1. Every residue in the stretch 21-66 that is of a type in the set (G, A, S), touching a residue at least 24 places away in the same chain (Cβ under 8 Å) and open to solvent by 10 Å² or more (accessible area, probe 1.4 Å), please.
2. Exactly one of (1) surrounded by fewer than 16 Cβ atoms within 10 Å (Cβ to Cβ); (2) of a type in the set (A, V, I, L, M); (3) within 12 Å of the chain's Cα centre (by Cα) is unmet by A106. Its number?
3. Looking at the stretch 123-150, which of the residues that are among the acidic types (D, E) and more than 17 Å from V61 (Cα to Cα) is surrounded by the most Cβ atoms within 10 Å (Cβ to Cβ)?
4. Mind checking which pairs have a first residue in the stretch 132-147 that is without any contact (Cβ under 8 Å) to a residue 24 or more places away in the chain and a second that is acidic (D, E), Cβ under 9 Å, 6 or more apart or different chains?
5. Mind checking whether some residue in the stretch 2-14 is open to solvent by 90 Å² or more (accessible area, probe 1.4 Å), hydroxyl-bearing (S, T, Y) and modelled with pLDDT under 95?
6. Within the group L143, L154, L117, L107, which residue is closer than 20 Å to D16 by Cα and of a type in the set (A, V, I, L, M)?
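The values are calculated or read from the model by the stated rules, or taken from the named source; none is laboratory data. A quick note: this is a predicted structure, and the numbers were derived from the prediction, not measured. Neighbour counts run over all protein chains shown; Cβ positions are idealised from the backbone, glycine included. Note: areas computed on protein heavy atoms with side chains; ligands, DNA, RNA excluded. Shrake-Rupley method; radii C 1.70, N 1.55, O 1.52, S 1.80 Å.
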Amino acid sequence: MKSEEDLKRVINVYADMIRRICFLHLKNQYDTEDVFQNVYMKYLLCEKVFESREHEKAWFVRVAINACTDHLRYLSRRRWVPLEVINEETAVLDETGAELLEIVLALPEKYRNVIYLYYYEQYSAVEIAEILGRKENTVYSWLSRAKEMLRDRLGGDWA
């Protein structure tokens, strides 16, 4: 089990990134916080020794994505989200940000993941391929397709 100092360090370093990943997938604050806590619980129980900070960061990204996927599977059995939750989340963003977020969230999961990791976390396609367990060329294809989808939906020149 990890020490309290290790936990404090990784929370300081990765908390914002994990929350953004979770919100990107789950689309609401409450589920994001639940999954966020689960990710850190998995870290506490993890016996793995990380080779480097980059390895550790990649582990957190992968665990966060997997935890979100697991949570969404659970939620798919519920089949509803209260309207109040949707209104709360969209009220936080300005009009342009809300529109952009809505378009990005509407992308299929594989495209949403690569856009987030590439533009928000500044991972290279090679690093994204490692994190997602895919071939480098697959990641390049997904990035290209995702950009094209965003271009079509947003109109004009995008990235």
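1. If the condition is that a residue be of a type in the set (G, A, S), touching a residue at least 24 places away in the same chain (Cβ under 8 Å) and open to solvent by 10 Å² or more (accessible area, probe 1.4 Å), then A58 is the only one that fits.
2. Among (1) surrounded by fewer than 16 Cβ atoms within 10 Å (Cβ to Cβ); (2) of a type in the set (A, V, I, L, M); (3) within 12 Å of the chain's Cα centre (by Cα), A106 violates only (3).
3. By that ranking, first place goes to E136.
4. If the second residue must be acidic (D, E), the pairs left are E136/E130.
5. No; the residues of the stretch 2-14 include none that is open to solvent by 90 Å² or more (accessible area, probe 1.4 Å), hydroxyl-bearing (S, T, Y) and modelled with pLDDT under 95.
6. Only one candidate passes the filter, namely L117.
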